[in-house]
Amino acid sequence: MDESELRRLEASRAALLARFAEKMRATPSLADPAPKGEGPRNAHGMPRMPVQQGEQDELIPMDLGRVPAVAMDRWKLTVDGAVEAPVTLGFEDLLALPQEDRTADFHCVTGWSVLGLSWRGVPVSTLLALARPTAEATHAMFHSHDGYSTNLPLEEALKDDVLLVHALGGAPLTAELGGPARVITPQLYAYKGAKWVNRIELLTQDRRGYWEIRGYSNTAYPWRNDREW
(Lines give C-alpha, C1' and ligand atoms only; values in the text may rest on other atoms or scores of the structure.)
Protein backbone atom coordinates (compact mmCIF):
# COMPACT_ATOMS: atom_id res chain seq x y z
CA MET A 1 0.00 0.00 0.00
CA ASP A 2 1.23 3.51 -0.74
CA GLU A 3 1.24 6.37 1.76
CA SER A 4 -2.12 7.79 0.74
CA GLU A 5 -3.80 4.36 0.91
CA LEU A 6 -2.36 3.79 4.37
CA ARG A 7 -3.63 7.18 5.55
CA ARG A 8 -7.13 6.44 4.24
CA LEU A 9 -7.10 3.02 5.87
CA GLU A 10 -5.99 4.43 9.22
CA ALA A 11 -8.69 7.11 9.07
CA SER A 12 -11.33 4.47 8.32
CA ARG A 13 -10.05 2.30 11.18
CA ALA A 14 -10.02 5.23 13.62
CA ALA A 15 -13.61 6.11 12.75
CA LEU A 16 -14.71 2.51 13.20
CA LEU A 17 -12.97 2.23 16.58
CA ALA A 18 -14.49 5.51 17.75
CA ARG A 19 -17.94 4.28 16.77
CA PHE A 20 -17.62 1.24 19.06
CA ALA A 21 -15.37 2.71 21.78
CA GLU A 22 -18.06 3.01 24.43
CA LYS A 23 -19.30 -0.54 23.84
CA MET A 24 -15.74 -1.88 23.97
CA ARG A 25 -15.08 -0.21 27.33
CA ALA A 26 -18.27 -1.79 28.73
CA THR A 27 -17.38 -5.40 27.79
CA PRO A 28 -16.87 -7.72 30.79
CA SER A 29 -13.18 -8.39 30.10
CA LEU A 30 -12.53 -4.65 30.52
CA ALA A 31 -15.24 -3.61 32.97
CA ASP A 32 -16.06 -6.62 35.18
CA PRO A 33 -15.78 -5.44 38.82
CA ALA A 34 -15.32 -8.99 40.18
CA PRO A 35 -13.45 -11.17 37.66
CA LYS A 36 -12.88 -14.81 38.63
CA GLY A 37 -9.32 -16.11 38.55
CA GLU A 38 -5.94 -16.03 40.25
CA GLY A 39 -2.42 -14.70 39.95
CA PRO A 40 -1.14 -11.25 38.95
CA ARG A 41 -3.34 -8.99 36.88
CA ASN A 42 -2.97 -8.69 33.12
CA ALA A 43 -2.84 -5.42 31.18
CA HIS A 44 -6.65 -5.15 31.34
CA GLY A 45 -6.86 -5.68 35.10
CA MET A 46 -8.07 -9.27 34.93
CA PRO A 47 -6.32 -12.10 36.84
CA ARG A 48 -3.72 -13.62 34.51
CA MET A 49 -5.21 -17.12 34.94
CA PRO A 50 -9.00 -17.31 34.65
CA VAL A 51 -10.98 -19.56 36.95
CA GLN A 52 -10.73 -23.36 36.41
CA GLN A 53 -7.83 -23.12 33.94
CA GLY A 54 -4.53 -25.02 34.12
CA GLU A 55 -1.31 -23.75 32.53
CA GLN A 56 0.26 -25.62 29.60
CA ASP A 57 3.69 -25.08 28.03
CA GLU A 58 2.45 -25.06 24.44
CA LEU A 59 -0.69 -25.01 22.34
CA ILE A 60 -2.61 -28.24 21.88
CA PRO A 61 -3.81 -28.65 18.26
CA MET A 62 -7.60 -29.01 18.12
CA ASP A 63 -9.83 -29.35 15.08
CA LEU A 64 -13.09 -30.85 13.76
CA GLY A 65 -11.43 -34.02 12.54
CA ARG A 66 -9.30 -32.76 9.69
CA VAL A 67 -6.57 -30.20 9.11
CA PRO A 68 -7.14 -28.23 5.89
CA ALA A 69 -4.08 -27.99 3.64
CA VAL A 70 -4.11 -24.42 2.36
CA ALA A 71 -0.99 -23.25 0.53
CA MET A 72 0.03 -19.64 1.14
CA ASP A 73 -0.07 -18.85 -2.57
CA ARG A 74 -3.69 -20.05 -2.75
CA TRP A 75 -4.92 -18.54 0.53
CA LYS A 76 -7.68 -15.95 0.19
CA LEU A 77 -9.65 -13.92 2.71
CA THR A 78 -12.93 -12.25 1.80
CA VAL A 79 -14.51 -9.55 3.96
CA ASP A 80 -18.11 -9.00 2.89
CA GLY A 81 -21.72 -8.90 4.06
CA ALA A 82 -22.88 -5.61 5.61
CA VAL A 83 -20.00 -3.57 4.22
CA GLU A 84 -19.63 -0.71 1.75
CA ALA A 85 -16.59 -2.12 -0.08
CA PRO A 86 -16.25 -5.94 -0.07
CA VAL A 87 -12.62 -6.98 -0.36
CA THR A 88 -10.67 -10.17 -1.08
CA LEU A 89 -7.03 -10.44 -0.02
CA GLY A 90 -4.29 -12.88 -0.93
CA PHE A 91 -1.50 -13.76 1.47
CA GLU A 92 0.87 -11.18 -0.02
CA ASP A 93 -1.88 -8.56 0.40
CA LEU A 94 -2.15 -9.53 4.06
CA LEU A 95 1.59 -9.11 4.56
CA ALA A 96 1.45 -5.69 2.87
CA LEU A 97 -0.93 -4.36 5.54
CA PRO A 98 0.39 -2.79 8.77
CA GLN A 99 1.64 -5.64 10.99
CA GLU A 100 1.62 -5.96 14.77
CA ASP A 101 3.74 -8.07 17.10
CA ARG A 102 1.89 -8.89 20.30
CA THR A 103 2.46 -11.05 23.34
CA ALA A 104 -0.87 -12.51 24.45
CA ASP A 105 -2.31 -15.32 26.55
CA PHE A 106 -4.44 -18.11 25.10
CA HIS A 107 -7.32 -19.67 27.06
CA CYS A 108 -9.00 -22.83 25.76
CA VAL A 109 -12.55 -23.48 26.93
CA THR A 110 -11.61 -27.11 27.70
CA GLY A 111 -9.59 -25.91 30.70
CA TRP A 112 -6.02 -25.13 29.66
CA SER A 113 -4.12 -21.92 29.03
CA VAL A 114 -0.77 -20.98 27.50
CA LEU A 115 0.65 -17.68 28.72
CA GLY A 116 2.87 -15.21 26.93
CA LEU A 117 2.67 -16.37 23.32
CA SER A 118 4.37 -14.18 20.71
CA TRP A 119 2.13 -13.56 17.71
CA ARG A 120 2.48 -11.52 14.51
CA GLY A 121 -0.41 -10.48 12.31
CA VAL A 122 -2.90 -7.83 11.28
CA PRO A 123 -5.56 -6.37 13.60
CA VAL A 124 -9.04 -7.53 12.65
CA SER A 125 -10.03 -3.87 12.99
CA THR A 126 -7.74 -3.09 10.05
CA LEU A 127 -9.33 -5.80 7.91
CA LEU A 128 -12.81 -4.55 8.73
CA ALA A 129 -11.79 -0.95 8.05
CA LEU A 130 -10.71 -1.98 4.55
CA ALA A 131 -14.28 -3.12 3.81
CA ARG A 132 -15.99 -0.29 5.75
CA PRO A 133 -18.85 -1.89 7.74
CA THR A 134 -22.20 -0.22 7.21
CA ALA A 135 -23.89 1.76 9.97
CA GLU A 136 -26.21 -1.22 10.53
CA ALA A 137 -23.39 -3.76 11.09
CA THR A 138 -23.27 -5.14 14.63
CA HIS A 139 -21.51 -8.53 14.44
CA ALA A 140 -18.94 -10.48 12.46
CA MET A 141 -19.04 -14.15 11.54
CA PHE A 142 -15.68 -15.80 10.90
CA HIS A 143 -15.74 -18.71 8.44
CA SER A 144 -13.03 -21.35 8.00
CA HIS A 145 -11.84 -23.77 5.32
CA ASP A 146 -13.00 -26.76 7.40
CA GLY A 147 -16.58 -25.53 7.76
CA TYR A 148 -16.07 -24.00 11.20
CA SER A 149 -17.62 -20.66 12.08
CA THR A 150 -17.80 -18.41 15.11
CA ASN A 151 -19.46 -15.07 15.82
CA LEU A 152 -18.33 -11.92 17.60
CA PRO A 153 -20.06 -8.63 18.35
CA LEU A 154 -18.06 -5.85 16.75
CA GLU A 155 -17.13 -4.41 20.15
CA GLU A 156 -15.13 -7.62 20.71
CA ALA A 157 -13.85 -8.08 17.16
CA LEU A 158 -12.43 -4.54 17.06
CA LYS A 159 -10.31 -4.80 20.20
CA ASP A 160 -6.64 -4.06 19.66
CA ASP A 161 -5.47 -7.55 20.65
CA VAL A 162 -7.82 -9.38 18.25
CA LEU A 163 -5.54 -10.23 15.34
CA LEU A 164 -5.50 -12.33 12.21
CA VAL A 165 -2.13 -13.94 12.90
CA HIS A 166 0.22 -15.70 10.50
CA ALA A 167 3.26 -16.23 12.74
CA LEU A 168 3.86 -17.66 16.21
CA GLY A 169 7.17 -17.42 18.04
CA GLY A 170 8.82 -15.86 15.00
CA ALA A 171 7.90 -18.74 12.65
CA PRO A 172 5.03 -19.15 10.17
CA LEU A 173 1.90 -20.52 11.78
CA THR A 174 1.68 -24.27 11.19
CA ALA A 175 -1.34 -25.89 9.58
CA GLU A 176 -2.07 -27.83 12.80
CA LEU A 177 -2.43 -24.54 14.68
CA GLY A 178 -4.55 -22.83 12.03
CA GLY A 179 -2.06 -21.65 9.41
CA PRO A 180 -1.65 -19.93 7.10
CA ALA A 181 -3.78 -17.54 9.19
CA ARG A 182 -6.09 -17.70 12.19
CA VAL A 183 -7.76 -15.27 14.57
CA ILE A 184 -6.77 -14.85 18.22
CA THR A 185 -9.14 -13.45 20.87
CA PRO A 186 -7.09 -13.12 24.09
CA GLN A 187 -9.97 -11.60 26.07
CA LEU A 188 -12.30 -14.52 25.22
CA TYR A 189 -12.06 -18.30 25.11
CA ALA A 190 -10.09 -19.39 22.08
CA TYR A 191 -12.97 -21.02 20.18
CA LYS A 192 -13.98 -17.45 19.34
CA GLY A 193 -10.75 -17.22 17.33
CA ALA A 194 -11.29 -19.27 14.19
CA LYS A 195 -8.45 -21.20 12.53
CA TRP A 196 -7.94 -21.47 8.71
CA VAL A 197 -10.02 -18.33 8.18
CA ASN A 198 -11.22 -17.63 4.65
CA ARG A 199 -14.11 -15.21 5.17
CA ILE A 200 -15.26 -12.52 7.58
CA GLU A 201 -18.96 -11.84 7.10
CA LEU A 202 -20.39 -8.65 8.60
CA LEU A 203 -23.89 -9.05 10.03
CA THR A 204 -26.68 -6.69 11.05
CA GLN A 205 -27.79 -9.01 13.86
CA ASP A 206 -26.24 -11.83 15.84
CA ARG A 207 -26.01 -15.32 14.36
CA ARG A 208 -24.41 -18.18 16.27
CA GLY A 209 -21.51 -20.21 14.94
CA TYR A 210 -20.46 -23.86 15.00
CA TRP A 211 -19.94 -24.39 18.74
CA GLU A 212 -22.41 -21.74 19.85
CA ILE A 213 -25.34 -23.62 18.32
CA ARG A 214 -24.03 -26.78 20.02
CA GLY A 215 -24.31 -25.38 23.53
CA TYR A 216 -21.12 -23.39 24.04
CA SER A 217 -21.42 -19.90 25.46
CA ASN A 218 -22.23 -17.20 22.95
CA THR A 219 -20.20 -14.66 24.95
CA ALA A 220 -17.26 -16.81 26.16
CA TYR A 221 -15.78 -14.65 28.92
CA PRO A 222 -13.05 -16.64 30.72
CA TRP A 223 -13.19 -14.52 33.90
CA ARG A 224 -16.85 -15.43 34.39
CA ASN A 225 -16.29 -19.15 33.68
CA ASP A 226 -18.66 -18.56 30.79
CA ARG A 227 -18.58 -21.98 29.05
CA GLU A 228 -22.14 -23.45 29.01
CA TRP A 229 -21.41 -26.72 27.25
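The values are calculated or read from the model by the stated rules, or taken from the named source; none is laboratory data. These figures come from a predicted structure and were not determined experimentally. Here Cβ is always computed from backbone atoms with ideal geometry, including for glycine, and neighbour counts include all displayed protein chains.
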Checklist outcome for this item: Counted residues in the stretch 108-132 being part of a loop (DSSP other than H, G, I, E, B) and within 20 Å of G179 (Cα to Cα) come to 1
Checklist entry - When V197 is evaluated against the numbered criteria (1) surrounded by fewer than 20 Cβ atoms within 10 Å (Cβ to Cβ); (2) in contact with a Lys or Arg (Cβ under 7 Å, 6 or more places away or on another chain); (3) under 19 Å from A71 (Cβ atoms), which criterion, by number, is the only one it fails? => result (1)
Checklist outcome for this item: In the set V83, V79, V87, V70, the lone residue that is hydrophobic (A, V, I, L, M, F, W, C), closer than 25 Å to A181 by Cα and without any contact (Cβ under 8 Å) to a residue 60 or more places away in the chain is V87
Next on the checklist: Condition first: of a type in the set (A, V, I, L, M, F, W, C), in a loop (DSSP other than H, G, I, E, B) and closer than 16 Å to V114 by Cβ. Now tell me which residues in the stretch 47-65 satisfy that.
Outcome noted: L59, I60, M62
Checklist entry - in contact (Cβ under 8 Å) with a residue 60 or more places away in the chain and under 18 Å from the mean Cα position of the chain (by Cα) - does that describe any residue in the stretch 48-60? => result yes
Checklist entry - Just checking, how many residues over the stretch 15-34 are surrounded by fewer than 16 Cβ atoms within 10 Å (Cβ to Cβ) and under 18 Å from the mean Cα position of the chain (by Cα)? => result 4
Checklist entry - Quick check: is even one residue across the stretch 147-159 surrounded by fewer than 23 Cβ atoms within 10 Å (Cβ to Cβ), modelled with pLDDT of 95 or more and over 21 Å from L128 (Cβ atoms)? => result yes
Checklist entry - Of (1) more than 19 Å from the chain's Cα centre (by Cα); (2) modelled with pLDDT of 95 or more; (3) within 29 Å of T174 (Cα to Cα); (4) assigned to a loop (DSSP other than H, G, I, E, B), M1 satisfies all except one. Which? => result (2)
Checklist entry - When residues of the stretch 187-229 are filtered for being farther than 23 Å from D105 by Cβ, assigned to a helix (DSSP H, G or I) and touching a His at 6+ places or on another chain (Cβ under 8 Å), how many remain? => result 0
Checklist entry - Filter the stretch 4-44 for residues that are more than 29 Å from L95 (Cβ to Cβ) and of a type in the set (A, V, I, L, M, F, W, C); which is modelled with the highest pLDDT? => result A26
Item to check | Single residue of the stretch 133-146 satisfying the filter (surrounded by 21 or more Cβ atoms within 10 Å (Cβ to Cβ) and under 18 Å from G179 (Cβ atoms)) that is farthest from the chain's Cα centre (by Cα) | outcome: S144
Item to check | Residue identified as crowded, with 17+ Cβ neighbours inside 10 Å, small (G, A, S) and out of contact with any Leu (no Cβ under 9 Å at 6 or more places or on another chain) among G65, G54, G37, G81 | outcome: G37
Checklist entry - Name the residues in the stretch 161-186 that are surrounded by fewer than 22 Cβ atoms within 10 Å (Cβ to Cβ), without any contact (Cβ under 8 Å) to a residue 40 or more places away in the chain and not in a strand (DSSP E or B), would you? => result L173, T174
Checklist outcome for this item: Scanning the stretch 13-47 residue by residue, the ones that are touching a residue at least 24 places away in the same chain (Cβ under 8 Å) and basic (K, R) total 3
